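Everything below concerns the one structure shown next.
The values are calculated or read from the model by the stated rules, or taken from the named source; none is laboratory data. This structure is a prediction, so every number in the text was calculated from the model and none was measured. When we count neighbours, we look across all protein chains shown, and the Cβ atoms used for this are built from the backbone with ideal geometry, even at glycine. Each accessible area value is taken on the protein alone, full model and side chains, heavy atoms only, with ligands, DNA and RNA left out. Shrake-Rupley method; radii C 1.70, N 1.55, O 1.52, S 1.80 Å.
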Amino acid sequence: MKDYRKMNQAAWEEAFEHSSETFKMSPIKRLKEDPRSILSTPLKDTLNHVNLKGQTLGQFCVNSGRETMALMDYGLLESIGFDIARNMVDYANEVSQSLNLNTTFYARDILEIEDDFKDRFDIGLLTIGAMCWFDDLMPLFEVVAKTIKPGGRLMIEDSHPITNMIGTSSEEGYDPKTPKNLMYSYFRKEPWVEQGGMGYMTDKDYDSKTFVSYSHTLTEIFTALKLNGFTIDYFKEFDIDLSSMFMHLEQQGLPLSFTLIATKI
Ligand SMILES: C[S@@+](CC[C@H](N)C(=O)[O-])C[C@H]1O[C@@H](n2cnc3c(N)ncnc32)[C@H](O)[C@@H]1O
């Protein structure tokens with residue numbers, strides 16, 4: 001869909017304008033008291049396999065930067081975050097300065113990150129809800145690969161692609177008696193076009209600008225990594241929901257999330 005990234009920028013900036021006090025204030029409290037509580041169990045598990053001490057980390061699609069800042073607690077020298085929503089980036093920089101963290105945020109469409117960031121990071125990071133904003137993972141991983149030093153690592157934590165097949169209670173055709181029913185194709189190519197707001201940020205429904213997102217299969221993820229010069233070192237699936245949409249399906253035999261570590265050769 002033409003211009004979908006501009007549409008998403010407008011929709012995410014609007015979501016941040018509507019965001020609740022809790023959404024803004026709770027991470028600040030946690031960053032002060034227990035930064036690691038911000039990170040998911042799968043991401044913390046993955047961090048057991050990557051040494052962050054003294055390293056520079058770059059995170060892509062950071063929202064208001066809570067994870068990028070929380071990761072400083074693992075001994076990073078510096079962390080840098082990118083997001084397309086200018087108001088979130090301004091806010092994230094304010095929070096980082098107020099907490100005296102060596103974390104800086106840049107307002108960028110990831111696909112337009114310039115060559116100044118070439119070979120800048122020892123470690124790259126994509127967490128839940130980052131890859132789905134790109135219709136094609138090839139150009140995304142091309143940019144991500146550019147910013148990581150040769151021999152550097154990329155960590156990914158996200159919802160499992162299987163979850164794109166499962167319906168949610170707000171969707172037409174959803175039957176609460178059979179919540180495991182698969183409603184959508186794993187191989188879906190058409191975008192998800194939504195105007196229901198970003199409830200997790202706003203704690204309310206509102207008629208929003210249009211969000212456009214895409215499903216990606218594991219094959220697409222692995223292939224785009226390989227073709228952009230990564231080797232996969234570690235891949236793990238979890239029955240833990242990261243999205244708050246499928247908590248009722250946790251520990252029932254379905255893969256709900258995954259993490260991955262790759263090395264740039
Ligand atoms: C679901 S949020 C990520 C949340 C993050 N994992 C967290 O837990 O805080 C997705 C973010 O991607 C950003 N985004 C969407 N398209 C983008 C693009 N083309 N370039 C950069 N950021 C983008 C949005 O502004 C939004 O803040």
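Each residue of the range 245-257 was assigned a 3J(HN,Hα) from its phi angle through the Karplus curve 6.51 cos²θ - 1.76 cosθ + 1.60 (θ = phi - 60°); the sequence is 9, 10, 4, 5, 10, 5, 6, 10, x, 9, x, 10, 8 Hz, with glycine and proline shown as x.
Summing +1 for each Lys or Arg and -1 for each Asp or Glu, what net charge is found among the other residues whose Cβ lies under 12 Å from the Cβ of I80? Cβ neighbours under 12 Å give a net charge of -2.
Ignoring trypsin sites (Lys or Arg not before Pro) that are buried or in helix or strand per DSSP, and keeping those with at most 14 other beta carbon atoms within 10 Å, what is the longest stretch of the chain between them?
Details: sites that count: K2, K53, K118, K177, K180, K189, K204.
So the longest stretch without any such site is 54-117.
A simple spin-label model places pseudo-atoms 7 Å from Cα toward Cβ; at E13 and L77 they are separated by 3.5 nm. Beta bridges per DSSP, both residues in the range 79-198: antiparallel share near 10 percent. Note on the chain: helix-only mean residue ellipticity at 222 nm, from DSSP H runs of 4+ residues weighted -39500 (n - 2.57) and normalised by residue number, equals -8500 deg cm²/dmol.
If the limit is 29 Å between Cα atoms, which of K53/K189; K53/K209; K32/K204; K53/K118; K2/K29; K180/K236 go over it? Beyond 29 Å between Cα atoms: K53/K189; K53/K209; K2/K29. Relative contact order of the range 18-104: 26 percent, from C-alpha pairs under 8 Å at least 6 residues apart in sequence.
Where does the charge balance sit around L249 when Lys and Arg score +1, Asp and Glu -1, over other residues with C-beta under 13 Å from its C-beta? If you can, show how the numbers build up before the last one.
Numbers: positive: K180; negative: D239, D241, E250.
Around L249, the charge tally is -2.
Derived scalar couplings between HN and Hα for the range 41-54 equal 4, x, 5, 5, 4, 5, 5, 5, 10, 9, 8, 8, 4, x Hz in order, rounded to whole Hz, by the Karplus curve 6.51 cos²θ - 1.76 cosθ + 1.60 (θ = phi - 60°), x for Gly and Pro.
Return the carbon/sulfur percentage of the accessible area of the chain, one whole number, probe 1.4 Å, all protein chains in place. Solvent-exposed carbon and sulfur of the chain make up 49 percent of the total.
If I stretch the segment between K29 and Q195 completely, what's the gain in nm (0.36 nm per residue apart, minus their alpha carbon distance), one decimal? Walk me through the numbers on the way to the answer.
Details: separation 166, 0.36 × 166 = 59.76 nm, distance 3.08 nm.
My answer for the length gained is 56.7 nm.
Counting charges near V143 (Lys, Arg +1; Asp, Glu -1) among other residues having Cβ under 15 Å from its Cβ returns a value of -3.
Here is the list for the range 121-227: GluC sites (Glu not before Pro) lying in DSSP coil, each with at most 12 other C-beta atoms within 10 angstrom of its C-beta, are E171, E172. Net charge dipole, the chain: roughly 600 debye, given to the nearest 20, about the Cα centre with Cβ charges of +1 for Lys and Arg and -1 for Asp and Glu. Only aspartates and glutamates eight or more places from K177 in sequence, or on another chain, were considered; none has a Cα closer than 15 Å. Name the shape class, rounded, prolate or oblate, that the alpha-carbon gyration tensor gives for the range 1-155, where a ≥ b ≥ c are the square roots of its eigenvalues, rounded holds for a/c under 1.5, and otherwise prolate holds if a/b is larger than b/c and oblate otherwise. Taking the square roots of the gyration eigenvalues as a ≥ b ≥ c, the range 1-155 is oblate. Shape class of the chain from the alpha-carbon gyration tensor: rounded, with the ratio a/c of largest to smallest axis under 1.5. Per residue, the solvent-accessible area of the chain (1.4 Å probe, heavy atoms of protein chains only, all protein chains present) comes to 47 Å².
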